[in-house]
Amino acid sequence: MKSTISFSAAACVATLAGLASAHNSIIYPCPRYSPVGLQCPAVPAGQTANGDINSPISSVQLGYSQPLCRFTTPYATPSATWTAGQSVTIKFNPNAVSHSGGNCEFSMSYDGGKTFAVIHRELRYCFVGSKPASPTNAVSVSSYTFNLPADLPSSDKAVFAWSWVNASGNREFYMNCADVAIKGGSSKSYTGPQMVIANYQGYPTIPEFNGNYETGMEHYTGAKNITVSPSGSTTGGESGGSGNSAPPASSSAAPAKSSTPPASTAHDSSATPGVPHKPQESGGSSAPASSASGNSGACTSGLMQCSGTGYQICNEGVWSPVYSCGVGASCKGSDGHIYCGWP
Ligand SMILES: [Cu+2]
C-alpha cells in the first residue's frame with residue numbers, strides 16, 4: 001500500500017476491500033453488488049461492487065445503521081429464478097466467521113425490500129449447528145437447504161433476504177438482499193412472520209447470548225404475521241411460532257395497519273471505518289499480533305489478525321500478506337474480531 005493513499009473514507013473502503021473474508025454473507029443467491037457471489041448479474045450503472053459485503057448493516061456499539069438491503073437499487077436482472085415450492089440451497093461465503101451462531105432468517109419481500117415475510121428460520125445455532133462449548137468463530141454449517149413456500153406469489157422483482165443476529169461480539173445486524181424471480185406461484189400473496197430486525201436503529205437490541213441461546217427468542221416467537229404480495233403488504237396477528245425452523249404460514253391474519261418500513265439512515269462510512277468489531281474484553285485494542293507468527297502455519301479460513309498497524313486474513317489455512325489499515329489508522333482487536341480504526 002503506497003503512502004499516496006489519502007486519508008478519507010474512500011481510501012478506507014478501498015483499503016479494506018480485501019476484508020471480504022470476515023464476518024459473513026451469502027454467495028448464492030448473489031446478493032446486491034457482491035464481488036464474491038455466484039452467478040452475479042452486472043452491477044447497475046452508477047453503483048460499485050461492495051467490498052464490505054460480509055460486514056453487518058448495523059452496530060449498536062458503533063452507532064450506525066445502513067438501509068436494510070444496504071443498497072436500494074436492485075440488480076437489473078434477477079440473481080436467481082426460482083419456482084414456488086422448490087427446494088433451494090442458500091450458500092454462505094466459505095471465508096466467514098460464525099460469532100458463536102445466533103438467529104438467521106430467510107425472508108421474501110415484494111415491495112423492493114421494505115417489508116419482509118419469513119420463509120425459513122435457523123434460530124440459535126445458525127452456522128454452528130449446535131450449542132458451542134465456548135465462544136467461537138468457527139463455522140460448521142455454510143449452507144442451508146429448504147423448500148420455498150408453495151404459495152409464494154410469482155414476480156420478476158422479488159427480494160430474497162438473509163438476516164442474522166450474531167450470538168457473540170458487538171451487537172450487530174447482518175442482512176443481504178438478492179433480487180430474484182419467482183415463477184409458478186399461483187397464490188396472490190404470502191403470509192409469514194415479520195422478519196425480526198434487531199440491533200438496528202429504532203429496533204430492540206438483542207444482547208450477547210453468553211451461552212443462553214434463548215436470549216431474545218421472544219422477538220421471534222412473538223413476531224406478527226405479515227402478508228406480502230406484489231400489490232402491497234399488511235400485518236396481522238401473532239405468528240405464535242415455536243421459535244423453531246419452519247415458521248407457520250397463517251392465512252387467517254387479520255389485516256391491520258400497513259407496516260411502516262424502518263427509516264433508513266444514510267451510512268456515514270467515514271464514521272465507521274473498515275469492518276467494525278469488538279475488541280477483546282481484555283481491553284486490548286491495538287494489540288498487534290506478532291508479525292513473527294505471520295505466514296507460519298495453519299489457521300482457520302476467514303479469521304483475521306492484526307499485524308503491526310495492518311492486518312492479515314486467513315485464506316485456506318494460510319495467513320495472507322499484511323494489508324495496511326491506511327494512513328493514520330491502526331488495527332484493533334484480535335481473534336477474528338478486528339477492524340481498522342483511528343486512535
Ligand atoms: Cu463479524
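The values are calculated or read from the model by the stated rules, or taken from the named source; none is laboratory data. All figures in this text were calculated on a predicted structure; none of them were measured in a lab. Here the Cβ is made from the backbone with ideal geometry for all residues, glycine too, and neighbour counts use every protein chain on show.
Could you please let me know if Pro248 is of a type outside the set (Gly, Ala, Ser), at pLDDT below 95 and assigned to a loop (DSSP other than H, G, I, E, B)? The answer is yes for Pro248.
The condition of being without any contact (Cβ under 8 Å) to a residue 40 or more places away in the chain, at positive phi and part of a loop (DSSP other than H, G, I, E, B) holds for Gly129. Selection of region 162-176 for residues being away from the ligand (no atom under 11 Å from the Cβ) and surrounded by fewer than 23 Cβ atoms within 10 Å (Cβ to Cβ) yields only Arg171. Against the criterion of being assigned to a loop (DSSP other than H, G, I, E, B) and either in contact (Cβ under 8 Å) with a residue 12 or more places away in the chain or in contact with a helix residue (DSSP H, G or I) (Cβ under 9 Å, 6 or more places away or on another chain) (or both), Asp111 qualifies. Just to verify a result, which residue in region 100-112, among those that are within 19 Å of Asn210 (Cβ to Cβ) and more than 12 Å from the chain's Cα centre (by Cα), is nearest to the ligand (Cβ to nearest atom)? So, considering only residues that are within 19 Å of Asn210 (Cβ to Cβ) and more than 12 Å from the chain's Cα centre (by Cα), the one nearest to the ligand (Cβ to nearest atom) is Ser100.
Evaluate region 148-163: report whether one residue or more is within 24 Å of Ser25 (Cα to Cα) and at pLDDT below 95. For region 148-163, residues within 24 Å of Ser25 (Cα to Cα) and at pLDDT below 95: absent.
How many of the residues making up region 43-60 are at negative phi and more than 14 Å from the ligand (Cβ to nearest atom)? Counting residues in region 43-60 that are at negative phi and more than 14 Å from the ligand (Cβ to nearest atom) gives 8.
Filtered by the rule that a residue be part of a strand (DSSP E or B) and under 12 Å from Phe106 (Cα atoms), region 144-164 gives Tyr144, Thr145, Phe146, Asn147, Val159, Phe160, Ala161, Trp162, Ser163, Trp164.
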